[in-house]
């Protein structure tokens, strides 16, 4: 699990997986598309057709505490959307 940090399991990504065979992963910032493709194929035993990547910009966060308002920002991360061959799918819940 060097390149893939964790799968992204949200309502939107679940719908993309059901309709278009696209799955989302949070990956290391240094990883390129070829490395991501090889890691997904090795880990989930599927054929990857396409990999789209994006760097998610950090969001500003603020919190109200006794000492006043604490401001900061969330970390930026790289997200990969992987399209799997027609007829194949990835089951994230098989290990539970």
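Values in this text are rule-based calculations from the coordinates and carry no lab data. Nothing here was measured: the structure is a model prediction, and the numbers come from that model. Counting neighbours? That spans all protein chains shown, and the Cβs are built from the backbone with ideal geometry, glycine included.
For the chain, what log10 I(q)/I(0) values come out of the Debye formula at q = 0.25, 0.26 1/Å, with one point per alpha carbon and no solvent?
-1.35, -1.43
Could you compute the FRET efficiency for residue 42 and residue 75, with r as their C-beta to C-beta distance and R0 at 25 Å, rounded to 0.05? Please list the in-between numbers first.
Numbers: r = 27 Å, r/R0 = 1.06.
The calculated FRET efficiency here is 0.40.
Using the alpha-carbon atoms, what tilt in degrees (0 to 90, nearest 10) does helix 33-44 show relative to the longest principal axis of the chain?
70
Would you mind computing, in nm to one decimal, how far apart the modelled labels at residue 53 and residue 33 are, each placed 7 Å from Cα along Cα→Cβ?
It works out to 1.0 nm between the two label points.
Please give the length that would be gained between residue 89 and residue 16 if that part of the chain were fully extended, namely 0.36 nm times their separation in residues minus their C-alpha to C-alpha distance (nm, one decimal). List each step's numbers first, then the result.
Details: separation 73, 0.36 × 73 = 26.28 nm, distance 1.14 nm.
Extra length available between residue 89 and residue 16 comes to 25.1 nm.
Taking the number of other C-beta atoms within 10 Å as the exposure measure, put 8, 3 in order starting with the fewest. Don't skip to the answer; put the middle values down first.
Working: 8 16, 3 19.
Ascending Cβ contact count within 10 Å gives the list 8, 3.
Suppose R0 equals 41 Å. What FRET efficiency, 1/(1 + (r/R0)^6) with r the Cβ-Cβ distance, do residue 64 and residue 9 give to the nearest 0.05? Before the final figure, lay out each step's value.
On the way: r = 30 Å, r/R0 = 0.74.
According to the calculation, E is roughly 0.85.
Helix-derived [θ] at 222 nm for the chain: sum -39500 (n - 2.57) over DSSP H runs of at least 4, divide by residue count, nearest 500?
Working: 2 runs with 22 residues, N = 96.
Taking each H run of at least 4 residues, the total per residue is -7000 deg cm²/dmol.
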